[in-house]
Number of protein chains: 2
Amino acid sequence: MHRSIIPSSHPRAKSLYIRELLVNGFRNGIVAPEGLIAHGRGETFDYLLGENTTETARTAIKAACSLLLLASHPVISVNGNLAALCPKEIVELSNLINADIEVNLFYWTRERELAIEKELKKRGAKTVRGIRSKDSARIPELQSERRTVDQDGIYKADSILVPLEDGDRTEALVKMHKKVIAIDLNPLSRTSKAAAVTIIDNAIRALPAMIVEAEQLKQKNDKVLKKIVDEFDNSKNLSESLEIIRCGVNARQR
Amino acid sequence: MHRSIIPSSHPRAKSLYIRELLVNGFRNGIVAPEGLIAHGRGETFDYLLGENTTETARTAIKAACSLLLLASHPVISVNGNLAALCPKEIVELSNLINADIEVNLFYWTRERELAIEKELKKRGAKTVRGIRSKDSARIPELQSERRTVDQDGIYKADSILVPLEDGDRTEALVKMHKKVIAIDLNPLSRTSKAAAVTIIDNAIRALPAMIVEAEQLKQKNDKVLKKIVDEFDNSKNLSESLEIIRCGVNARQR
């Protein structure tokens, strides 16, 4: 564990501690250097959102959990940043909603894929999909390393939770008629716009909130869950988050 | 040099190439892992600004260059990210405005300080200040590693250019009655608010623009330069940048 050198008097101490989780993940081979930059990109949106799970995000979380509970083959797609931020919660949520866990990396290396698998298994994951083999399948029309997916995982899934996703792949997955549930801090991103349900929140807060929500919704029948999904309007929800960000710019100015 | 794996079709290709400069800097021991995250934080503001040097930023650049040309002892404070993004321009600008170059790091290590010194000397810097010795001075009231400064550099300077600065140190330098010129992408940051002149722009664009501006202003007499400084209103300039960011949120929504 990397020793913290952040003065506790620092006004952004909480945000800097989360940075340290990422840097630790990087030192353990789980996070790509580019992943650290991507995290920072999200940090600004989080700062403008007030670094809290908004009511708007809670509405999306409810719809997301309902969709995942209704799915016949849900998958949680995991990249390095997510594994560094909340490995325990990934496993916990996957057990709750009966989802596969699949590693999928933009900056793929064999070492990183194995380091993430090891971390998730340490946290109790029984099976981790996406570790490349000759059986790997490919997402059509996608150029990046993320096109390689597990034949029995994402390739066959009907609903996929994609925290911290890139737009290219989200759009490709939607074209494959999959229901995509995104966790993204940028309501303007292509991922946010293309997903069926987008949770505008920091994954480090959204995943624990999803666990609480999924535990409650598991008690409900499919009709209730379907109603929640049908009543959810992703564009409207994104507009609300955007409005909160706009207000965040104003509030921080004062 | 790290081979680029970014597909040229990617809509954020330019921004991803800048990321690679940082990642290369990181691999060469110049950039701290936390610096990669900080860069990402700036990326979002740059995205909302339209990834261009705005007219508002150009006004600030003019005032910044005037202030630096009027100074009797200007210093350019360099951290890892700046050294990775534009080492050549740091040296070029320092020659133009007759400024010292001083290395100052939040996440200080001896190795990184020396790697940055080496990089700057490779780009033609004759003297690089701030390399720690028994003669190092300290900024009062500052807790972080950045408090250690060069006795004959920042400690004695009257004007300091601080690209990519943290708020604590900016405020401490202002308390020491130094004129601080900041380059920052967040118009809401404490650095932006505390500095005498804040350039809301990406340093990778601002430094070359400052070189062009300084070359022209060097021909002018002190009276002209003083008028430019006197007429510059930092709060007003920051409000304008904030308005551009607000419009950026709206424009990106469409």
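The values are calculated or read from the model by the stated rules, or taken from the named source; none is laboratory data. As the structure is a computational prediction, the values presented were derived from the model and not from experiment. Cβ sites come from the backbone with ideal geometry, for glycine too, and all protein chains shown count toward neighbours.
A few remarks follow.
- Some residue of region A:109-126 being within 14 Å of chain B (Cβ to nearest Cβ) and part of a helix (DSSP H, G or I): yes
Here is a yes/no grid of residues against (1) in a helix (DSSP H, G or I); (2) closer than 19 Å to A:Leu242 by Cα; (3) within 14 Å of chain B (Cβ to nearest Cβ); (4) at pLDDT below 90:
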| position | (1), (2), (3), (4) |
| --- | --- |
| A:Arg146 | yes, no, yes, yes |
| A:Gly153 | no, no, no, no |
| A:Asp168 | yes, no, yes, yes |
| A:Glu171 | yes, no, yes, no |
| A:Val174 | yes, no, no, no |
| A:His177 | no, no, no, no |
| A:Ala182 | no, yes, no, no |
| A:Asn186 | no, yes, yes, no |
| A:Ser192 | yes, yes, yes, no |
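- Residue check, B:Ile228 surrounded by 18 or more Cβ atoms within 10 Å (Cβ to Cβ), over 20 Å from A:Leu49 (Cβ atoms) and either of a type outside the set (A, V, I, L, M, F, W, C) or out of contact with any Cys (no Cβ under 9 Å at 6 or more places or on another chain) (or both): no
- Being in contact with a Lys or Arg (Cβ under 7 Å, 6 or more places away or on another chain), more than 17 Å from B:Thr44 (Cβ to Cβ) and at pLDDT 95 or above is a property that A:Ile139 lacks.
- Residue list for region A:129-139, filter: surrounded by fewer than 23 Cβ atoms within 10 Å (Cβ to Cβ), part of a loop (DSSP other than H, G, I, E, B) and not basic (Lys, Arg): A:Ile131, A:Ser133, A:Asp135, A:Ser136, A:Ile139
- Filtered residues of region A:9-26 (kept if more than 8 Å from every other protein chain (Cβ to nearest Cβ) and under 21 Å from A:Val249 (Cβ atoms)): A:Arg12, A:Lys14, A:Ser15
- Test result for B:Leu70, in contact with a helix residue (DSSP H, G or I) (Cβ under 6 Å, 6 or more places away or on another chain) and modelled with pLDDT under 95: no
- Condition met for A:Ala196 (surrounded by fewer than 20 Cβ atoms within 10 Å (Cβ to Cβ) and modelled with pLDDT of 95 or more): yes
- Residue under evaluation B:His73, criteria (1) on the phi < 0 side of the Ramachandran plot; (2) in contact with a Lys or Arg (Cβ under 7 Å, 6 or more places away or on another chain); (3) within 14 Å of chain A (Cβ to nearest Cβ); (4) in contact (Cβ under 8 Å) with a residue 60 or more places away in the chain, criterion not met: (3)
- Residues in region A:93-108 that are surrounded by fewer than 20 Cβ atoms within 10 Å (Cβ to Cβ) and assigned to a helix (DSSP H, G or I): 2 in all.
- Residue count for region A:27-54, restricted to those that are more than 9 Å from chain B (Cβ to nearest Cβ) and assigned to a helix (DSSP H, G or I): 2
- Filter result (within 14 Å of another protein chain (Cβ to nearest Cβ) and on the phi > 0 side of the Ramachandran plot) within region B:127-144: B:Glu141
- Qualifying residue in region B:84-92 (condition: acidic (Asp, Glu), within 30 Å of B:Asp233 (Cα to Cα) and touching a residue at least 24 places away in the same chain (Cβ under 8 Å)): yes
- Helices (runs of 4 or more DSSP H) fully within region B:200-254 counting 1 or more residues that are within 11 Å of another protein chain (Cβ to nearest Cβ): B:234-253
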